[in-house]
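Since the structure comes first, as structure tokens, the remarks are kept for the end.
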Amino acid sequence: MVELAGTIKVISKLLRDFLVAEEYAYREGFLQGVDQKVKLMAILLLIVLAVSTQNIFFLLLLFLFSLAMVLLSNISLKLYLPRFGFIPLFAFIIVLPWIFLIPGQPVFTLLGLNVTMPGIMYVITFTLRVTACVSCISLLLFTTRVSDLLHTLKSLRIPDPLVDMFGLVYRYLFTFLSELERMLLGRECRVISDQGVIKNWRDGGKVVGNFLSRTFSRGENVCKAMRARGYDGSLKTYSRNDKIGIKSIVFIAFVMIMVGIWLVTRL
């Protein structure tokens, strides 16, 4: 149970770091100066390009493009890579068995199973696609304030219930992760020795049930507190003086170059 609790704490910390990357949006940088609508639509276009191709060269190039944007946006690669790197790593672990499952010419034998070239290519392509998509999403999260993103979504005529749901989920995730961390910390303080596998699994079930109960209770309390402060069922956003400047035009040009490369790789 102690090992499981430690793993969950590490995962929750990585997820919190990934979500709280908004701190970089207040820095002076290239993407920070790009118009919010242009940035959102361009990054969504890049994600569509990554999902719709199997060309390894383009996926790798898109990942390198995102790293270049990170450097231009005054974000340290040393801090950027660990914050989103766990997602591609998790995807790689999930898809790894496909090196045995996809039929084809065997390359070598591992643990009595044939590793095929189509399987290897599928694992590499899938991992690179996830990496490219997550790196593009990270650009948006690292260089855009959530309040600006909510305003941009509403200005693009996205239905208000969807925007409100996104805002509430984003805010509640931090409460969710903090509650989980407090429970695991309390568990570690009370357990001083290994109690056996059966006892650990039984206690783990109790922890999960208690966590779900606390989550529902905390959500109800948060909703009551919001209503007591004037919440009427919709999140309010305030207008911005958005304008397309030179940085927005340059970013559009970069994205169009990526679109051109995508078209060439499709031929």
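Every number in this text was worked out from the coordinates using simple rules, so none of it is lab data. Because the structure is a prediction, the values reported are computed rather than measured. Heads up, the Cβs are rebuilt from the backbone with ideal geometry, glycines too, and the neighbour counts pull from every protein chain shown.
With Cβ to Cβ distances under 15 Å as the rule, what net charge do the other residues near L62 carry (K, R +1; D, E -1)? Please list the in-between numbers first.
Details: positive: R129, R266; negative: none.
Value of the local net charge: +2.
Assuming R0 = 25 Å, what is the FRET efficiency of T125 and F174, from their Cβ-Cβ distance, to the nearest 0.05?
Values: r = 34 Å, r/R0 = 1.37.
Using R0 = 25 Å, I get an efficiency of 0.15.
Once R0 is set to 25 Å, what does the formula 1/(1 + (r/R0)^6) return for the Cβ-Cβ distance between L71 and L44, expressed as a FRET efficiency to the nearest 0.05?
Working: r = 22 Å, r/R0 = 0.89.
FRET efficiency, L71 to L44: 0.65.
Scan around V107 for amide H atoms under 5 Å from its own, H built in the peptide plane at 1.01 Å from N, and keep only partners 5 or more places away or cross-chain.
Counting only residues 5 or more places away or on other chains, the set is V115, T116, M117.
Please give the length that would be gained between L185 and K78 if that part of the chain were fully extended, namely 0.36 nm times their separation in residues minus their C-alpha to C-alpha distance (nm, one decimal). The partial results should precede the final answer.
On the way: separation 107, 0.36 × 107 = 38.52 nm, distance 2.82 nm.
Additional length available on full extension: 35.7 nm.
Quick check: residue separation of V250 and N114 times 0.36 nm, minus the Cα distance between them. What number comes out in nm?
Working: separation 136, 0.36 × 136 = 48.96 nm, distance 4.84 nm.
That works out to 44.1 nm of additional length.
So how do M69, M165, M183 line up by other beta-carbon neighbours within 10 Å, fewest first? Display every interim value, and only then the final one.
Working: M69 23, M165 12, M183 17.
If I rank by nearby Cβ atoms, fewest first, I get M165, M183, M69.
What number, in percent, do you get for the relative contact order of segment 102-160 if the mean sequence gap of Cα pairs under 8 Å and at least 6 apart is divided by its residue count? List each step's numbers first, then the result.
Numbers: 26 pairs, mean separation 11.0, N = 59.
Relative contact order, segment 102-160: 19 percent.
Given 0.36 nm per residue, what is the gain on full extension from N55 to R227 after removing their alpha carbon distance, in nm? Mind dumping the intermediate values first?
Working: separation 172, 0.36 × 172 = 61.92 nm, distance 5.03 nm.
That works out to 56.9 nm of additional length.
Evaluate the distance, in nm, between pseudo-label points positioned 7 Å from the Cα of M165 and of T265 along their respective Cα→Cβ axes.
About 3.2 nm separates the two model spin labels.
For a footprinting-style exposure proxy, rank K154, K78 by other Cβ within 10 Å, fewest first.
Listed from fewest to most nearby Cβ atoms, that is K78, K154.
By counting other Cβ atoms within 10 Å of each Cβ, how are L46, L81 ranked from fewest to most? Could you put the intermediate results ahead of the total?
On the way: L46 24, L81 13.
The most exposed by this proxy come first: L81, L46.
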